[in-house]
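Q: Have a look at this one.
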Amino acid sequence: MKKKCFAFGSVFLLIFFLSGCGKEEAIKTMVCESQATQGEVKMNLHYTVTYSGDYVKTVETKEVLTSDDEKTLNAYKTAVENVYKNYDDIDYYQYHVQLDGKTLTSTVSIDYDHVDTKKLISINQSEEQLIKNGKVKIDDIQSVYESVGATCKVKSEK
């Protein structure tokens with residue numbers, strides 16, 4: 001009986017290790033940054049993406065616009081708020097827009113592991129190019145950021 005239990009246990013452990021059960025892929029962080037000037041507005045754009053394997057887990061964005069022209073910053077603030085208000089009722093999608101003197105800061109946090117990607121697509125059809133089968137590939141999001149002039153680098157593993 002002991003031999004049978006030992007043999008069964010050995011086979012179980014062998015299958016467990018060969019199948020890779022319990023092995024998680026490392027979580028990596030990619031940071032993309034861009035600076036630009038558009039008219040009187042200076043833009044500093046910062047995107048932090050965590051991912052595992054080929055797929056994005058979270059995205060944190062921080063976009064800082066500075067200008068001496070208060071009217072221009074107010075117009076940008078209104079435009080940004082009008083875009084983001086459509087996402088108010090989506091769990092795992094948070095945003096904040098703040099105008100402080102000559103600086104407009106917009107932050108967005110998206111948890112792609114939990115957010116309802118179908119709702120994101122229903123709000124903005126262009127999301128369909130990025131979200132495929134409910135997931136976002138790291139290569140796709142990197143291409144989007146680089147297409148708007150950002151430079152991306154892998155920063156760390158967890």
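The values are calculated or read from the model by the stated rules, or taken from the named source; none is laboratory data. Values in this document were obtained by computation on a predicted structure and should not be read as measured data. Glycine also receives a Cβ, built like all others from the backbone with ideal geometry; neighbour counts cover every protein chain displayed.
Yes/no matrix, rows are residues, columns are (1) at pLDDT below 95; (2) closer than 22 Å to LYS62 by Cβ; (3) of a type in the set (Gly, Ala, Ser):
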{"position": "VAL97", "(1), (2), (3)": "no, yes, no"}
{"position": "LYS119", "(1), (2), (3)": "no, no, no"}
{"position": "VAL148", "(1), (2), (3)": "yes, yes, no"}
{"position": "CYS152", "(1), (2), (3)": "no, yes, no"}
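Q: Is there any pair linking a residue in region 57-84 that is closer than 10 Å to VAL41 by Cβ to one that is modelled with pLDDT of 95 or more and of a type in the set (Gly, Ala, Ser), with Cβ under 6 Å and at least six apart or on different chains, and which?
A: LEU73/SER67
Q: In region 108-132, how many are over 17 Å from SER52 (Cβ atoms) and part of a loop (DSSP other than H, G, I, E, B)?
A: Within region 108-132, residues that are over 17 Å from SER52 (Cβ atoms) and part of a loop (DSSP other than H, G, I, E, B) number 3.
Q: Tell me, which residue of region 50-84 that is among the aromatic types (Phe, Trp, Tyr) and under 15 Å from the mean Cα position of the chain (by Cα) is farthest from SER34 (Cα to Cα)?
A: The qualifying residue farthest from SER34 (Cα to Cα) is TYR55.
Q: Another question about this same structure. Considering only residues that are among the aromatic types (Phe, Trp, Tyr) and buried (at least 16 other Cβ atoms within 10 Å of the Cβ), which ones fall in region 85-99?
A: TYR87, TYR93, TYR95, listed by residue number.
Q: Somewhere in region 100-107, is a residue of a type outside the set (Asp, Glu), part of a loop (DSSP other than H, G, I, E, B) and either loosely packed, with under 13 Cβ neighbours inside 10 Å or at negative phi (or both)?
A: yes
Q: Can you pull out every residue in region 25-81 that is among the charged types (D, E, K, R), farther than 26 Å from VAL115 by Cβ and surrounded by 15 or more Cβ atoms within 10 Å (Cβ to Cβ)?
A: LYS42
Q: So, ASP111, is that one touching a residue at least 40 places away in the same chain (Cβ under 8 Å) and surrounded by 11 or more Cβ atoms within 10 Å (Cβ to Cβ) or not?
A: yes
Q: Given the condition surrounded by fewer than 16 Cβ atoms within 10 Å (Cβ to Cβ) and either touching a Pro at 6+ places or on another chain (Cβ under 7 Å) or part of a loop (DSSP other than H, G, I, E, B) (or both), answer yes or no: does some residue in region 137-146 qualify?
A: No.
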